[in-house]
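Accompanying notes for the structure given below.
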Amino acid sequence: MKKVKIGLLFAIISPILSTLATVFLAGATKLLTPLLAASISGIVGSAIILAYMKLTKHKIDIRKIRKNRKDLGIMTLLRGTLGIAIFTYGLSMTDAIKAIFFTKVEPYFVLIFHWLLLKEKVKKHHLALLTVHVFGAILLSTGGNFTSFGKAQLGDFLVILTMGIFALSYIYGRKLSVRLGAKISNTVMIGMGGLILMPIALAISPTNITHFPTLGWGYLLLNIVLFNVLGLTLWFASLKSVKGWMVSALRSVGPIVGAPLAFIIFGVPLTIVQIIGAGIVTATSALIAREHLKKESKKRK
């Protein structure tokens with residue numbers, strides 16, 4: 001029971017840190033380049049965790065890593081390379097404050113994949129919530145203007161697509177958190193992903209990386225600490241004792257701190273229609289989180 005409570009705490013803290021990181025990553029992608037931000041985040045984040053494990057004399061079992069190389073490879077593909085690459089490109093095109101709310105579509109992808117892959121039942125009212133959620137996301141993206149599809153809407157679509165890719169990783173993330181632990185799983189995943197993306201990032205970079213603005217590097221460093229080092233490690237740790245759909249559903253707490261920060265830093269306000277859409281997205285995510293938590297509580301009684 002104690003492990004579950006700690007897992008739930010990690011599942012609440014993780015999306016808050018991840019949402020804050022999304023704000024800074026959005027700034028970094030606009031001042032640097034998307035792939036460069038993604039690759040350096042993975043490499044530096046992995047190095048920081050490795051340094052911490054060395055200082056704390058954390059044992060690294062290479063045999064276990066090799067034994068789980070298939071799941072690590074899938075995680076690296078889903079989150080460390082393909083997912084983060086699409087996500088950073090999406091962030092470079094859209095506003096950080098919108099991206100924060102779009103990341104909350106992830107619980108619905110988790111719900112769908114658990115239904116398709118794990119044969120878990122999906123109730124009718126869940127589908128109704130999903131429909132309302134999608135409607136809210138459309139309002140948030142378009143602001144009620146349904147006649148045009150521009151760069152910002154493409155960015156919104158890429159962020160949502162990323163959430164679908166990330167949702168697939170929950171199944172493998174749980175396995176790795178149990179077999180390898182949170183720190184090892186995260187370190188290998190983001191480190192490998194960063195190394196794979198780096199040659200591509202350097203090849204397509206329009207300028208020498210030392211010529212990018214200092215502010216961009218500052219934003220990137222904050223993202224690395226909040227997301228790659230802390231947020232993802234706590235995400236893996238929460239999956240060890242809390243079900244994937246619950247961890248994902250608790251992401252609805254993120255905008256509470258993320259949205260005000262995005263507004264303060266970038267000063268891009270939402271229209272009334274977009275605020276309504278953001279409210280719908282957050283409320284529907286919160287409703288499914290509340291229902292799942294009540295269901296789990298009843299099981300334990």
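Go through the range 150-167 residue by residue and tally those that are over 12 Å from the mean Cα position of the chain (by Cα) and assigned to a helix (DSSP H, G or I).
8
List pairs: first residue in the range 222-246 and over 17 Å from residue 16 (Cβ atoms), second residue assigned to a loop (DSSP other than H, G, I, E, B) and acidic (Asp, Glu) anywhere in the structure, Cβ distance under 9 angstrom, at least six positions apart or on different chains.
245/120
Being buried (at least 16 other Cβ atoms within 10 Å of the Cβ), modelled with pLDDT of 70 or more and either in contact with a Gly (Cβ under 8 Å, 6 or more places away or on another chain) or closer than 15 Å to residue 26 by Cα (or both) narrows it down to one residue among 239, 221, 234; which is it? Step through it out loud before you land on a result.
Values: 221 fails: buried (at least 16 other Cβ atoms within 10 Å of the Cβ); 234 fails: either in contact with a Gly (Cβ under 8 Å, 6 or more places away or on another chain) or closer than 15 Å to residue 26 by Cα (or both).
Just one listed residue meets the conditions, 239.
Against the condition at pLDDT 70 or above, farther than 21 Å from residue 248 by Cβ and among the small types (Gly, Ala, Ser), how does residue 92 come out, does it pass?
So residue 92 fits the description; yes.
Could you tell me how many of the residues in the range 72-114 are under 13 Å from residue 155 (Cβ atoms), aliphatic (A, V, I, L, M) and out of contact with any Gly (no Cβ under 6 Å at 6 or more places or on another chain)?
Qualifying residue count, the range 72-114: 5.
Quick check, is residue 43 among the aliphatic types (A, V, I, L, M), in a helix (DSSP H, G or I) and at pLDDT below 95?
On the way: among the aliphatic types (A, V, I, L, M): yes; in a helix (DSSP H, G or I): yes; at pLDDT below 95: no.
Answer is no for this residue.
Out of curiosity, is residue 12 within 19 Å of residue 179 (Cα to Cα) and either in contact with a Ser or Thr (Cβ under 9 Å, 6 or more places away or on another chain) or not β-branched (Val, Ile, Thr) (or both)? I'd like the intermediate steps shown before the answer.
Values: within 19 Å of residue 179 (Cα to Cα): no; either in contact with a Ser or Thr (Cβ under 9 Å, 6 or more places away or on another chain) or not β-branched (Val, Ile, Thr) (or both): yes.
It is false that residue 12 is within 19 Å of residue 179 (Cα to Cα) and either in contact with a Ser or Thr (Cβ under 9 Å, 6 or more places away or on another chain) or not β-branched (Val, Ile, Thr) (or both).
Could you please let me know if residue 14 is part of a helix (DSSP H, G or I) and closer than 22 Å to residue 261 by Cβ?
Against the criterion (part of a helix (DSSP H, G or I) and closer than 22 Å to residue 261 by Cβ), residue 14 qualifies.
So, in the range 34-71, how many residues would count as being farther than 25 Å from residue 158 by Cβ and of a type in the set (A, V, I, L, M, F, W, C)?
10
Residue-wise test of (1) within 27 Å of residue 213 (Cβ to Cβ); (2) buried (at least 16 other Cβ atoms within 10 Å of the Cβ).
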residue: 14; (1), (2): no, yes
residue: 19; (1), (2): yes, yes
residue: 23; (1), (2): yes, yes
residue: 33; (1), (2): yes, yes
residue: 36; (1), (2): yes, yes
residue: 55; (1), (2): no, no
residue: 60; (1), (2): no, no
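May I ask you to say which residue of 59, 54, 30 is among the basic types (Lys, Arg), more than 15 Å from residue 235 (Cβ to Cβ) and touching a residue at least 60 places away in the same chain (Cβ under 8 Å)?
30
Would you say residue 91 is aliphatic (A, V, I, L, M), buried (at least 19 other Cβ atoms within 10 Å of the Cβ) and under 17 Å from the mean Cα position of the chain (by Cα)?
Considered against the rule, which asks whether it is aliphatic (A, V, I, L, M), buried (at least 19 other Cβ atoms within 10 Å of the Cβ) and under 17 Å from the mean Cα position of the chain (by Cα), residue 91 comes out as yes.
The values are calculated or read from the model by the stated rules, or taken from the named source; none is laboratory data. Because the structure is predicted, anything quoted here is derived from the model rather than measured. Every residue, glycine among them, receives a Cβ derived from its backbone with ideal geometry; neighbour counts consider all protein chains shown.
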